[in-house]
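One structure is given here, and the rest of the page talks about it.
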Amino acid sequence: MRAPAAQSAAAAAAVTIGADTPPPPAATRPLVRMAHVSKRFGNGVLALRDLDLDIGRHEFVSLLGPSGCGKSTALRLIAGLTSPSSGAIDWPERATLAPATDIGFVFQEPTLMPWASVFDNVNLPLKLQRRAPAAGGGTAMEVDAALAMVGLTGFERAYPRELSGGMKMRVSIARALVTRPRLLLMDEPFAALDEITRVKLNNDLLELWHSQSWTVVFVTHSVYESVYLSNRIVVMAARPGRIVAEHVVDAPYPRDEEFRTSPRYNEHCRIVSRSLALAMEGM
Amino acid sequence: MNGHHRAVRAEQAERLDGAEANPADPAERRQRWLRIALPIAIGVVTLLAWDLVVRVNQIPHYILPGPLRVAEAMVNGWDTLWPALMVTVQITFMALAVAVIGGVGLALLFAQSKWIEISFFPYAVVLQVTPIIAIAPLILIYVDNTHIALLICAWIVAFFPILSNTTLGLNSADHNLLDLFKLYGASRWQVLRYLRIPSALPYFLGGLRIAGGLSLIGAVVAEFTAGTAGKGSGLAYRILETGYRLNIPLMFAALALITLTGVLIFILFTALSHLLLHKWHESAIKRES
Ligand SMILES: Nc1ncnc2c1ncn2[C@@H]1O[C@H](COP(=O)(O)OP(=O)(O)OP(=O)(O)O)[C@@H](O)[C@H]1O
Ligand SMILES: [Mg+2]
């Protein structure tokens with residue numbers, strides 16, 4: 001096998017690109033640490049093999065890889081929706097952090113309750129956690145704030161069927177934001193959207209991430225999207241699912257159209273595409 | 001985020017426009033009119049044809065009465081038909097109510113544990129597949145009170161669609177939503193209350209529509225059986241009685257009343273379904289093209 005050598009070369013090359021800019025936020029103690037995590041499903045499929053991944057505070061990490069390489073599985077493992085067959089998932093700061101209230105999950109589909117209004121959908125996490133309303137606030141204010149963040153003020157009483165695909169996705173994002181999570185897990189949230197809506201939501205997401213000091217783990221198929229958004233890209237290969245390369249995108253934030261058209265952006269895309277191609281070749 | 005706000009405002013404006021649907025659209029109005037007029041026209045034509053066949057062939061009324069004779073019999077026999085109808089309707093609705101309570105209750109129990117479902121479901125199926133006509137005489141023998149015996153018969157028929165539909169509905173909650181509830185640490189009760197029950201509602205209402213008709217059929221079948229044993233007071237008993245006396249027009253009138261009751265029950269539950277689902281469920285949403 002010659003692929004691994006080539007991959008690590010690609011990864012090494014990646015780190016040196018654009019070394020003149022400040023490094024991404026260094027994680028002293030990661031928010032989440034996955035150590036030697038494997039996941040085998042009941043049907044014998046080895047979805048992930050020996051995964052080592054640290055998610056640092058205020059990082060924007062993208063998981064990039066071909067279909068079936070275990071990206072969704074990794075996300076579900078972090079969220080605690082499924083448990084690893086071996087290995088450990090640690091929250092080093094567990095003492096100061098209640099995982100249930102601190103994770104927001106955005107599924108690939110909007111996954112809204114069709115019988116509930118936009119307000120009730122976004123309010124769901126608060127209702128389930130039976131949180132006492134913040135002093136002087138109340139859950140209505142928190143819901144309104146979340147809807148304002150995604151630009152859906154005024155749609156509280158609409159039903160999901162009355163919304164466009166992009167708007168539904170934004171409701172789903174608002175629902176993930178309403179608990180003000182520290183960690184936002186997003187599973188190809190924009191995959192089904194048109195290019196223009198996707199670019200707009202990309203920008204909105206970056207702006208929110210930047211201003212709210214969140215940590216985001218973002219699953220995507222798109223090299224361009226991952227380079228635009230992330231400060232670290234984790235490239236995965238399938239059968240069995242594993243990490244084959246990591247790539248740091250050291251361009252400063254805020255990023256905008258200028259970055260998207262810059263030679264540096266293209267260079268990052270080229271390198272990440274190459275790692276991805278190698279990952280798929282190795283299948 | 002100026003561009004953002006502009007976009008939102010545009011979306012809101014769009015929504016307001018959409019809300020004011022065009023009621024004056026002539027094509028739409030014609031369609032709505034035809035929707036009512038066409039079935040009525042078919043009905044009228046059928047009645048006329050029936051009348052014509054009876055007149056032209058001079059069929060005697062004790063074999064096939066014409067529609068006018070049936071109407072006349074209904075008016076003249078109203079004093080006996082109306083109380084009989086009330087008896088049948090009462091049994092139908094009481095049986096349906098018990099079927100709803102029992103079916104939904106059992107479905108909720110099934111939703112709590114797979115093992116309860118696995119243990120009991122086969123017997124619910126047994127109850128369903130055994131022809132009611134075959135067990136009605138037994139029930140009438142074992143249960144002294146005829147009224148209660150009729151109720152049991154109608155209940156047996158109406159119970160299963162509610163149970164099976166509600167069970168299916170409770171199990172058909174979206175998997176990602178179930179994960180979401182898990183993520184936020186929802187209790188079993190919260191999952192049931194906020195996710196499984198709303199997911200099951202359209203299925204339950206579908207079951208109710210079927211059960212409404214079946215419950216009437218169950219009541220009528222049981223009344224027939226009871227009637228042949230000489231006890232009875234419902235509409236089916238009237239049909240039997242008029243059959244013995246060869247009062248065929250009155251028999252037709254009683255038959256028409258049973259059919260009408262069935263149709264009304266169907267309309268009632270369709271309306272209920274629409275009322276509860278029109279805001280969100282695909283089955284009840286009118287597409288604006
Ligand atoms: N519940 C499950 N039971 C059995 N196998 C599963 C299950 N979920 C996923 N798998 C298998 O695990 C592997 C990884 O699946 P996963 O959904 O994580 O891939 P993915 O990278 O998210 O793919 P995609 O990009 O298509 O969404 C696949 O081979 C899939 O068949
Ligand atoms: Mg996936």
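The values are calculated or read from the model by the stated rules, or taken from the named source; none is laboratory data. Source: prediction; values computed, not measured. Surface accessibility is based on the protein's heavy atoms, side chains included, excluding ligands, DNA and RNA. Shrake-Rupley method; radii C 1.70, N 1.55, O 1.52, S 1.80 Å.
Considering only alpha-carbon pairs that sit under 8 angstrom and 6 or more positions apart, the relative contact order computed for region B:95-218 is 37 percent. Comparing the full protein assembly with the isolated chain, the residues of region B:155-185 losing at least 30 square angstrom of accessible surface (1.4 Å probe) are B:N176, B:L177, B:D179, B:L180, B:F181, B:K182, B:L183, B:Y184. Across chain B, the relative contact order, built from alpha-carbon pairs under 8 Å that are at least six residues apart, equals 22 percent. At the residue level, B:M74 shows approximately 50 square angstrom of accessible surface with a 1.4 angstrom probe and all protein chains present. In the context of the full set of protein chains, residues of chain B present 59 Å² of accessible surface per residue (probe radius 1.4 Å, heavy atoms only). Semi-axes of the equivalent ellipsoid for region A:219-272, computed as √(5λ) from the eigenvalues of its C-alpha gyration tensor and ordered from largest down, come to 23, 10, 9 Å. Gaussian network model of chain B, Cα springs within a sub-10 Å range: biggest mean-square fluctuation belongs to which of B:A222, B:A134, B:A154? Per the Cα network of chain B with a 10 Å cutoff, B:A134 tops the list. For region B:181-248 versus region B:80-137, the spacing of their alpha-carbon centroids is 7 Å.
Would you mind giving the total buried accessible surface between chains A and B, with a 1.4 Å probe and ligands, DNA and RNA left out, rounded to the nearest 100 Å²?
2900 Å²
In the protein assembly as shown, the DSSP beta bridges split such that about 45 percent are antiparallel, to the nearest 5. With just the Cα atoms defining each centre, how far is region A:185-255 from region A:139-154? Give it in Å. If you average the Cα positions of each part, the centres end up 24 Å apart. Under Stokes-Einstein, with the Kirkwood radius over Cα pairs as Rh, the value for chain B at 25 °C and 0.890 mPa s is 107 µm²/s. Taking chain B as a Gaussian network of alpha-carbon nodes connected by springs under 10 Å, the highest mean-square fluctuation of the residues B:V100, B:V87, B:V75 belongs to B:V75. Here the protein assembly as shown exposes an accessible surface that is 62 percent carbon and sulfur, computed with a 1.4 Å probe and the other protein chains kept in place.
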